[in-house]
């Protein structure tokens with residue numbers, strides 16, 4: 001009997017402490033849309049949109065950031081002055097603006113540079129310099145055909161390695177970035193051959 005009473009005392013104590021942290025909200029339905037930061041295991045995730053029944057309910061969620069009054073309409077992107085609704089599927093891509101988006105649709109008009117999260121700026125600079133030095137030195141000594149073959153192998157291997165590392169790791173992002181650099185160089189070399 002003492003254990004039961006002790007349990008109820010502890011239970012009510014903790015529920016009271018939790019209640020002190022949150023505001024008491026009315027049941028009024030005046031929906032608001034907020035961005036809620038979610039926790040991912042391997043990397044930072046883009047926030048999700050969530051509709052709360054009112055602003056008070058939203059303020060009780062410390063991870064929520066007010067966007068607008070009214071219900072959320074999904075992830076809405078403006079494209080060519082038209083609203084495009086994107087899914088909430090998490091398949092990250094690096095946008096042409098250097099920001100990671102939840103999926104290609106969310107990148108919208110910015111466009112996709114390469115699949116996976118964006119490589120951090122310090123790695124991007126280091127990889128770009130190393131890439132430029134190595135390729136300039138190597139490609140100046142070989143034929144156009146060898147350049148194309150080599151770049152195709154680099155692209156294939158970088159995609160394979162990025163997949164092994166996973167889309168959420170910096171190593172995976174570096175392999176994706178190397179693949180992107182190789183594709184860019186391949187396009188330049190192929191256009192030089194056509195001229």
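The values are calculated or read from the model by the stated rules, or taken from the named source; none is laboratory data. Every value quoted in this text rests on a predicted model; they were computed, and no experiment measured them. For neighbour counting, all protein chains shown are included, and Cβ atoms are generated from backbone atoms with ideal geometry for every residue, glycine included.
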- Message: Checking the conditions here, which among 127, 112 is closer than 30 Å to residue 87 by Cβ, surrounded by 11 or more Cβ atoms within 10 Å (Cβ to Cβ) and at pLDDT 85 or above?
- Response: 112
- Message: Can you tell me which residue is nearest to the chain's Cα centre (by Cα) among those in the range 30-74 that are modelled with pLDDT under 80 and in a strand (DSSP E or B)?
- Response: 48
- Look at residue 183 and say whether it is exposed (fewer than 13 other Cβ atoms within 10 Å of the Cβ) and over 23 Å from residue 35 (Cα atoms). no
- Item | Elements of type helices (runs of 4 or more DSSP H) in the range 86-195, at least 3 residues being touching a residue at least 60 places away in the same chain (Cβ under 8 Å) | 170-194
- Message: If residue 108 satisfies all but one of (1) closer than 30 Å to residue 73 by Cα; (2) in contact with a helix residue (DSSP H, G or I) (Cβ under 6 Å, 6 or more places away or on another chain), what's the number of the condition it fails?
- Response: (2)
- Message: Here is a list: 100, 150, 135. Which entry is within 27 Å of residue 50 (Cα to Cα), modelled with pLDDT of 80 or more, buried (at least 16 other Cβ atoms within 10 Å of the Cβ) and not assigned by TED's automatic domain parsing to the domain that holds residue 50?
- Response: 100
